[in-house]
Structures are given as structure tokens and as C-alpha cells.
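Here the structure comes first, spelled out in C-alpha cells, and everything after it is commentary.
The values are calculated or read from the model by the stated rules, or taken from the named source; none is laboratory data. All figures in this text were calculated on a predicted structure; none of them were measured in a lab. Note that each Cβ is placed from the backbone with ideal geometry, even for glycine, and that neighbours are counted across all protein chains shown.
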Amino acid sequence: MDVETISKKGSVQDIRPTHQRLVEAAEKEFREFGYSGTNSNQIASRAGFAPQTFYRHFGDKLEVFFAVYEIWTQKELALLEQHAGIGKIADTIIAHHRIYRVFRRDLRQLTVENEAVATVRAASRKRHLEKFSEINPAADSIDRVQRIATLLIIERLADAVADREFALLGVSEAEARTVLINMLGTLLKKEMSE
């Protein structure tokens, strides 16, 4: 446990707020078992609570999925801020997509099936575009449609590397990474240096 205290009875207790513990448990469940392979009882149990505790904080599994997606978005945006070099940005995106591979697979599927997920995902993508503009304000000079298309390609390329799709087609990860770097270079208007 990340935050613990010793109770008066001498047992170790987690003092993180219940809501936070449920979201963290859901994040782990979704990463390991996916959206369809997880239910609210598993999430509550993993967080150390009885099943009814889940419904005191979330209306349903989709609501906690949104909370986990927000955490994913915040983590990726924070990771992008840490790396100025385009090669480092590419590596960061690939690594993050790899860690959340199962979650992202389900995100893609739910985006097709559920309008609320599609809307939340569009908002996340807008935040990514804003972050790339913060990293390099020259990106705003690129046509809006081109910036959006490039972001979608970057996203899909990173997912394909994480899912080993390139490897299964005989393309090395290094070659796929080069394509990703070129796409990032288009969006960020930077030299393709690593």
C-alpha cells in the first residue's frame, strides 16, 4: 500500500480516500483484465472493500472507467512535459501505451460502441493537441485537420507497437519508432533528432 498507518489495535490500515483506492484498483483491473473482464465486485475487493462500497462512489463500471481514463490522460500529458527531445517523446508514448495496452484496446472498442466514451476520448485528444502546442507553439501553424490527423496516426502507431502488430508483420520496433518520430516531427515541426 502506498499510504499506511498503524491502528490503535496494531493493524496496518490504508488511509487513502476510498474513492482514490477504488480508482487505483479499477486501473489495475482494467490493465490486467480489460473492461469486459472486470466487474464492480472485483474492483471493490481489490481496493479492500465490500461490493456495495463501489456504488457509493460510482454509478457503474463505465463511470470508474472514465476516472481511470482521466488518470491515464494526466499521466501521459505529464510524461510528455518531462521530455523535450522528439525521440524521448516517442519512447514515452510507446512505453505508456505498452503499460496500458489492454486498457487502450478496450478504450478503442468502447469508443465505437458508446457515444459517452467517444465524447470523453475526443476531449482527451483535444488536451493532447493543446499539450503538443505548449511543447512547441509552432504546431499551431499547422492546419487544424492535419494536426488532428497526425495525432490520430501517432496514437494508432503507438498502440500498434504496444500490441506487437508491427513485429507480427516483420517490422522491427526501431523501424516503427522511426515512423512515429517522423509523425511527431510533423506535429511538432522539429528536427527528427533522437
note = Selection from the stretch 57-91 of residues in contact with a helix residue (DSSP H, G or I) (Cβ under 7 Å, 6 or more places away or on another chain), closer than 22 Å to ILE154 by Cα and either of a type in the set (A, V, I, L, M) or without any contact (Cβ under 8 Å) to a residue 12 or more places away in the chain (or both) yields VAL68, ILE71, LEU77, LEU79, LEU80, HIS83, ILE86, ILE89, ALA90
ask   = Do you know which residues across the stretch 46-76 are within 13 Å of ALA25 (Cβ to Cβ) and polar (S, T, N, Q)?
value = THR53
note = ARG46 fails exactly one of (1) of a type in the set (Lys, Arg); (2) touching a Lys or Arg at 6+ places or on another chain (Cβ under 7 Å); (3) at pLDDT below 95, namely (3)
task = Confirm whether VAL68 is modelled with pLDDT of 95 or more, crowded, with 18+ Cβ neighbours inside 10 Å and in the same structural domain as SER124 (by TED's automatic domain parsing).
result = yes
key: VAL171, sole failed condition from (1) surrounded by fewer than 18 Cβ atoms within 10 Å (Cβ to Cβ); (2) within 19 Å of the chain's Cα centre (by Cα); (3) of a type outside the set (Lys, Arg)   = (2)
ask   = On the given criteria, is TYR35 outside the structural domain of ARG156 (by TED's automatic domain parsing) and either within 18 Å of the chain's Cα centre (by Cα) or within 24 Å of ILE148 (Cβ to Cβ) (or both)?
value = yes
task = Taking the residues in the stretch 131-152 that are surrounded by fewer than 16 Cβ atoms within 10 Å (Cβ to Cβ) and closer than 12 Å to MET183 by Cβ as candidates, determine which candidate is farthest from the chain's Cα centre (by Cα).
result = GLN146
Residue count, the stretch 73-92 (criterion: modelled with pLDDT under 80 and either under 11 Å from the mean Cα position of the chain (by Cα) or small (Gly, Ala, Ser) (or both)) = 1
message = Among the residues in the stretch 104-117, are any small (Gly, Ala, Ser) and under 18 Å from GLU76 (Cα atoms)?
response = no
request  = Report yes if THR111 is without any contact (Cβ under 8 Å) to a residue 40 or more places away in the chain, surrounded by 12 or more Cβ atoms within 10 Å (Cβ to Cβ), within 18 Å of the chain's Cα centre (by Cα) and under 13 Å from TYR69 (Cβ atoms), otherwise no.
outcome  = yes
message = For the stretch 130-179, give me the residue count where each residue is in contact (Cβ under 8 Å) with a residue 40 or more places away in the chain, outside any helix (DSSP H, G or I) and over 21 Å from ARG108 (Cα atoms).
response = 2
query = When residues of the stretch 43-69 are filtered for being within 15 Å of PHE103 (Cα to Cα) and either of a type in the set (D, E, K, R) or part of a loop (DSSP other than H, G, I, E, B) (or both), how many remain?
reply = 2
